[in-house]
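A.B. asks: Below you will find the structure I want to go over with you.
The values are calculated or read from the model by the stated rules, or taken from the named source; none is laboratory data. Quick caveat, the model's predicted, so the values are computed rather than measured. Here the Cβ positions follow ideal geometry from the backbone for every residue, glycine too, while neighbour counts run over all protein chains shown.
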Amino acid sequence: MTYRGSVKPFVNFDAKHDAEILHRAMKGMGTDEDTVLMLLSARTNDQRQQIKAAYKTTYGKDLVSALKSELSGLLESLLVALMAPPVLFDATQLHKAIKGAGTDDDRLIEILASRTGEQIKEISKVYKKEFGAKLEKDICEDTSGHYQRLLVILLQGNRAEGVDEGKIDKDAKDLYAAGEGKWGTDEETFITIFGNRSFEHLRAVFVAYKKLSGFEIEDSIKGETTGNLEDLLLAIVKCSRSVPGFFAYSLYKSMRRAGTDDDTLMRIMVSRSEVDMLDIRDCFKEMYGESLYTTIQEDTTGDYQKALLYLCGGND
């Protein structure tokens with residue numbers, strides 16, 4: 001597999017030297033934001049952790065605390081997010097989604113629909129260690145009904161692997177019988193199939209479903225379900241068709257509506273910069289006829305914009 005992240009390991013990396021550059025940039029009156037954002041957005045997360053350790057060893061201070069005291073606003077939020085190891089970042093995002101007033105279902109759905117089973121298991125472990133509570137218990141306290149049950153299935157991280165040829169037609173028929181083919185909807189069937197089958201298998205099921213029913217699966221979901229369950233099922237469909245496509249759609253939505261959803265924009269740019277940002281850029285261009293880079297330019301300003309553009313990694 002070729003590397004599809006936009007942020008690559010910095011060549012001739014020297015953690016101690018980088019720590020010195022950051023210290024100088026934040027010392028005395030005012031902060032050289034340009035230097036800070038250029039350096040941190042051009043290092044991988046693993047390299048940032050090494051810089052953090054070197055900074056503490058040399059200056060006896062925590063780098064994240066220093067960034068918080070020297071920066072403010074969206075740039076601060078973005079650079080602090082870049083400093084968190086990926087699994088801790090996801091665990092913290094989920095904690096934010098369920099703690100406090102109301103539930104941020106978009107955040108919850110985005111992470112649990114798109115991460116692999118192994119990643120979800122790791123996130124659950126880190127969540128327990130960091131917040132002293134079980135992720136599943138916290139999510140159950142904050143959600144209900146069929147939506148909650150599908151989230152719980154995803155939290156097990158046990159999605160099957162590969163395509164089970166013998167189950168493709170049966171799954172398509174079962175979905176049809178549970179929705180379009182009956183009065184009312186049998187949500188259980190949707191939950192079991194969408195929560196447990198591999199993405200490759202689901203893609204094959206959706207083809208068989210279209211042949212059988214004449215409907216795209218998305219149209220059936222919209223007609224048969226509502227609210228958070230509908231949103232979660234649609235997110236799983238998008239991810240099964242293309243994870244980068246799902247993130248391209250989410251990024252477009254975060255910028256091309258009234259006002260910018262900076263939380264979502266930041267979260268995706270940070271979490272995908274070393275995973276599949278190049279593929280997301282390709283999908284974005286194909287789906288919307290404009291480059292992600294230009295869209296970020298038009299929708300953001302200042303040093304925050306500069307840092308996002310570095311993470312984007314180039315114009316298409």
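A.B. asks: Return the residues of region 46-56 that are of a type outside the set (V, I, T) and either under 14 Å from D14 (Cα atoms) or assigned by TED's automatic domain parsing to the domain that holds A307 (or both); say none if nothing qualifies.
C.D. replies: D46, Q47, R48, Q49, Q50, K52, A53, A54, Y55
A.B. asks: Still on this model: When you go through (1) over 25 Å from M83 (Cβ atoms); (2) free of Cβ contacts under 8 Å to residues at least 12 places away in the same chain; (3) in contact with an Asp or Glu (Cβ under 9 Å, 6 or more places away or on another chain) one by one for E224, which number turns out not to apply?
C.D. replies: (2)
One line per residue, one yes/no per condition, for (1) out of contact with any Cys (no Cβ under 7 Å at 6 or more places or on another chain); (2) over 30 Å from L233 (Cβ atoms):
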residue	(1), (2)
N45	yes, yes
P85	yes, yes
D106	yes, no
S114	no, no
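A.B. asks: A further question on this structure: Just checking: which of the helices (runs of 4 or more DSSP H) contained wholly in region 193-287 hold 2 or more residues that are at pLDDT below 95 and not assigned by TED's automatic domain parsing to the domain that holds A91?
C.D. replies: 217-224
A.B. asks: Quick check: anything in region 201-212 in contact (Cβ under 8 Å) with a residue 40 or more places away in the chain and more than 17 Å from V163 (Cβ to Cβ)?
C.D. replies: Checked region 201-212: at least one residue is in contact (Cβ under 8 Å) with a residue 40 or more places away in the chain and more than 17 Å from V163 (Cβ to Cβ).
A.B. asks: Also, I was wondering about something else. For region 297-315, indicate whether the set of residues that are closer than 29 Å to N196 by Cβ and either without any contact (Cβ under 8 Å) to a residue 60 or more places away in the chain or assigned to a loop (DSSP other than H, G, I, E, B) (or both) is non-empty.
C.D. replies: No: zero hits.
A.B. asks: Further question on the same structure: With the requirement that a residue be part of a helix (DSSP H, G or I), buried (at least 17 other Cβ atoms within 10 Å of the Cβ) and of a type in the set (G, A, S), what does region 169-186 give you?
C.D. replies: A172, A178
A.B. asks: Further question on the same structure: Restricting to region 240-278, count the residues that are more than 13 Å from V7 (Cα to Cα) and either over 15 Å from the mean Cα position of the chain (by Cα) or surrounded by fewer than 20 Cβ atoms within 10 Å (Cβ to Cβ) (or both).
C.D. replies: 16
To keep it simple, each residue is scored yes or no on (1) at pLDDT 95 or above; (2) in contact with a Ser or Thr (Cβ under 9 Å, 6 or more places away or on another chain); (3) part of a helix (DSSP H, G or I); (4) under 23 Å from Y310 (Cα atoms).
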{"position": "H17", "(1), (2), (3), (4)": "yes, no, yes, yes"}
{"position": "A25", "(1), (2), (3), (4)": "yes, yes, yes, yes"}
{"position": "M29", "(1), (2), (3), (4)": "no, no, no, no"}
{"position": "L40", "(1), (2), (3), (4)": "yes, no, yes, yes"}
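A.B. asks: Do we find a residue being in contact with a Phe, Trp or Tyr (Cβ under 7 Å, 6 or more places away or on another chain), hydrophobic (A, V, I, L, M, F, W, C) and touching a residue at least 24 places away in the same chain (Cβ under 8 Å) anywhere in region 113-136?
C.D. replies: yes
A.B. asks: Among what's in region 99-111 and is free of Cβ contacts under 8 Å to residues at least 60 places away in the same chain and within 12 Å of the chain's Cα centre (by Cα), pick the residue that is surrounded by the fewest Cβ atoms within 10 Å (Cβ to Cβ).
C.D. replies: Among residues in region 99-111 that are free of Cβ contacts under 8 Å to residues at least 60 places away in the same chain and within 12 Å of the chain's Cα centre (by Cα), the one surrounded by the fewest Cβ atoms within 10 Å (Cβ to Cβ) is I111.
A.B. asks: Quick check on region 57-70. Is at least one of its residues closer than 26 Å to E230 by Cα, outside any helix (DSSP H, G or I) and outside the structural domain of D263 (by TED's automatic domain parsing)?
C.D. replies: No.
A.B. asks: Among the residues of region 72-94, is there at least one that is crowded, with 18+ Cβ neighbours inside 10 Å, without any contact (Cβ under 8 Å) to a residue 60 or more places away in the chain and over 16 Å from S271 (Cβ atoms)?
C.D. replies: No; the residues of region 72-94 include none that is crowded, with 18+ Cβ neighbours inside 10 Å, without any contact (Cβ under 8 Å) to a residue 60 or more places away in the chain and over 16 Å from S271 (Cβ atoms).
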